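The numbers here are math on the coordinates, done by the rules we state, and not lab data. The shown structure was predicted, so the numbers you read here are calculated from the model rather than taken from an experiment. Neighbour counts are summed over all protein chains in view; Cβ atoms, including those assigned to glycine, are modelled from backbone coordinates with ideal geometry.
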């Protein structure tokens, strides 16, 4: 959070609330010091927006994994597949995006994806 919050602030966003499950209760005091409210979901409850995003990432990683010719995957490969999926999901507009024409990635890191069409 010490890296994420300043990145959002640098782009003009104000982080006031963080939605989590009980696993993040340990950072409540640190967030309070930054002026951020931690909203923890009730026991056995989930944050629907987060759960849907996690499900999308998992499904996409599984789709990549089945296309690879391996029986087992090293932990580093799994981590890179997750990184790749999140990178591409954040590179395109979401239906409920904060901005109507700029992707989440462009909003936060100020970098967009450019496509080059190579002619043979």
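Quick one: length gained pulling residue 96 to residue 112 fully straight, 0.36 nm per residue minus the C-alpha distance?
Difference between extended and current length: 3.9 nm.
Can you give me the angle between helix 75-90 and the longest principal axis of the chain, using Cα atoms only, in degrees from 0 to 90, rounded to the nearest 10?
Helix 75-90 sits at roughly 80 degrees to that axis.
Taking Cα atoms, how many degrees apart are the long axis of helix 48-66 and the longest axis of the chain, rounded to 10 and kept between 0 and 90?
With both axes taken from Cα atoms, the answer is about 20 degrees.
Remind me, relative contact order of the range 59-117 in percent, using alpha carbon pairs under 8 angstrom and six or more residues apart?
Taking the mean separation of contacting Cα pairs over the length of the range 59-117, I get 22 percent.
Once you put a point 7 Å from the Cα of residue 59 and another 7 Å from the Cα of residue 34, both along the Cβ direction, what distance in nm separates them?
So the label points at residue 59 and residue 34 sit 3.0 nm apart.
Between the range 52-115 and the range 15-38, how far is it from one alpha carbon centroid to the other, in angstrom?
25 Å
Note down the relative contact order for the range 8-120 as a percent, whole number, built from C-alpha pairs under 8 angstrom at least six residues apart. Show your work: numbers first, answer last.
On the way: 82 pairs, mean separation 19.2, N = 113.
It comes to 17 percent, rounded to a whole number.
May I ask you to derive the FRET efficiency for residue 87 and residue 21 from their Cβ-Cβ distance with R0 = 25 Å, giving the value to the nearest 0.05?
0.55
I'm spelling it out carefully: the read-out is Cα extents along the principal axes in Å, the candidates are (1) 31, 28, 24; (2) 56, 35, 25; (3) 56, 29, 21, and one was derived from this structure. Which label?
Comparing each candidate, only (2) matches the computed number.
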